[in-house]
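So the structure is just underneath, and the comments pick up after that.
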């Protein structure tokens, strides 16, 4: 039996690779053809692209591939990934593909694909089949001399107006107060689309690295990096802003800083957004991941909701939300999903909801999150590069096995000891284990257990 061939750029949920050896125009042309053959869309595919220097050319190759199979396309131009979700969520759409590598290095690019209804395509729901078909096409076809859309099957169309209306309808615009917001787009795509939303709100805005620029003059936007967080934090302080927002390159994630420049762990945002959405949709389900969960569960229960735990990963979260009719799903990694946005993740809706919450609550962001952080201090995600991740996880589990605990293997291992808990899971793509620890109101216990677990993992 012949071994199944793999392309390095194909991941579990999307396509991401270094240009041009792992990804190039011919491969993307073949991916377009393969998408058409495997997914057999019954309506037009929305295509958009981020600000990377290679993105426009790749989108043209993609469109040419789709058109060559008789599939019509709608080019929505420069956009964020969630705008492709918006376009693909429309009744008349057959799906969507975004050309982006998000926060990957500048010489990378990629594709995020969805089918009709903006439903995700992952390795087990079509992406694996698209990969195999792409391999076959690359072996059998000669690269075209040029990649051009078929004018009879292709059109350009902005979705901006509908997208902005959709997002503003999710908040009470009249309740918004003139808060001062510092925004850092990192020269990614977020700037112009933030502006399109902000012009409808009475906000005072200080802008940093706002212009889209595919040369990334201030490095590729990745607000998870400490050095980039420090820049935004200082800018919040310098501007004397009420809070700060930073986005990654395709703005499907956003990150927050309080008025003191403190980075707010994504975990606490899940609880805040859940609270705000439960005010609008009482008694709804809220989906969360198992890495850190106590604060979320308490917030959801306190506001009459139903907390539902789910394995990490956008396809799992979206499926679980549909199953539970959940109004919101949140991951501590800053992915936030909304039922009223086609169950998709957005980097714009969270800050709109936060502005609404702060306008209605009257407290500062630090005052809103301080109590949560005191009640449920957490480590944040700590990554360890370990040659044998499975062996390390077994070693940790065995060490604590004799202590009274509750064990969950939903996603890696979660062990709950009543006053503290941890989640330990291995990466699907690299020899890394990811640790998250939280306690009930005990910062010293947190520090002690983090140190203990570090010792076990690196021994």
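The values are calculated or read from the model by the stated rules, or taken from the named source; none is laboratory data. Given the structure is predicted, the values throughout are model-derived calculations rather than measurements. Note: ideal-geometry Cβ built from the backbone for every residue, glycine included; neighbour counts use all protein chains shown.
Just a few scattered comments:
- One residue stands out in the stretch 39-64 among those that are over 22 Å from residue 117 (Cα atoms) and out of contact with any strand residue (DSSP E or B) (no Cβ under 8 Å at 6 or more places or on another chain): the one that is surrounded by the most Cβ atoms within 10 Å (Cβ to Cβ), namely 61.
- Test: residue in the stretch 350-373 that is closer than 30 Å to residue 413 by Cβ, under 23 Å from the mean Cα position of the chain (by Cα) and without any contact (Cβ under 8 Å) to a residue 60 or more places away in the chain: no
- Hey, residue 165 farther than 16 Å from residue 27 by Cα, part of a loop (DSSP other than H, G, I, E, B) and at pLDDT 95 or above or not: no
- For the stretch 209-244, filtering for residues that are surrounded by 19 or more Cβ atoms within 10 Å (Cβ to Cβ) and under 15 Å from residue 366 (Cβ atoms) leaves 6.
- The selection criterion, being more than 24 Å from the chain's Cα centre (by Cα), at negative phi and surrounded by fewer than 21 Cβ atoms within 10 Å (Cβ to Cβ), holds for residue 20.
- Residue 139 meets the conditions (1) outside any helix (DSSP H, G or I); (2) surrounded by fewer than 18 Cβ atoms within 10 Å (Cβ to Cβ) in every case but one. The failed one is (1).
- All conditions but one from (1) closer than 28 Å to residue 233 by Cβ; (2) without any contact (Cβ under 8 Å) to a residue 40 or more places away in the chain; (3) buried (at least 23 other Cβ atoms within 10 Å of the Cβ) apply to residue 321; the one that does not is (1).
- Within the stretch 91-121, being touching a residue at least 40 places away in the same chain (Cβ under 8 Å), within 16 Å of residue 41 (Cα to Cα) and either assigned by TED's automatic domain parsing to the domain that holds residue 316 or not in a strand (DSSP E or B) (or both) holds for 92, 116, 117, 118, 119, 121.
- Residues of the stretch 1-13 that are at pLDDT 95 or above and assigned to a loop (DSSP other than H, G, I, E, B): 7, 8, 9.
- Matching entry among 419, 439, 409 (being crowded, with 18+ Cβ neighbours inside 10 Å and closer than 21 Å to residue 296 by Cα): 439
- Hits in the stretch 245-259 (condition: buried (at least 24 other Cβ atoms within 10 Å of the Cβ) and over 13 Å from residue 103 (Cα atoms)): 245, 255, 256, 257
- Take the conditions (1) touching a helix residue (DSSP H, G or I) at 6+ places or on another chain (Cβ under 6 Å); (2) modelled with pLDDT of 95 or more; residue 122 misses just one of them, which is (2).
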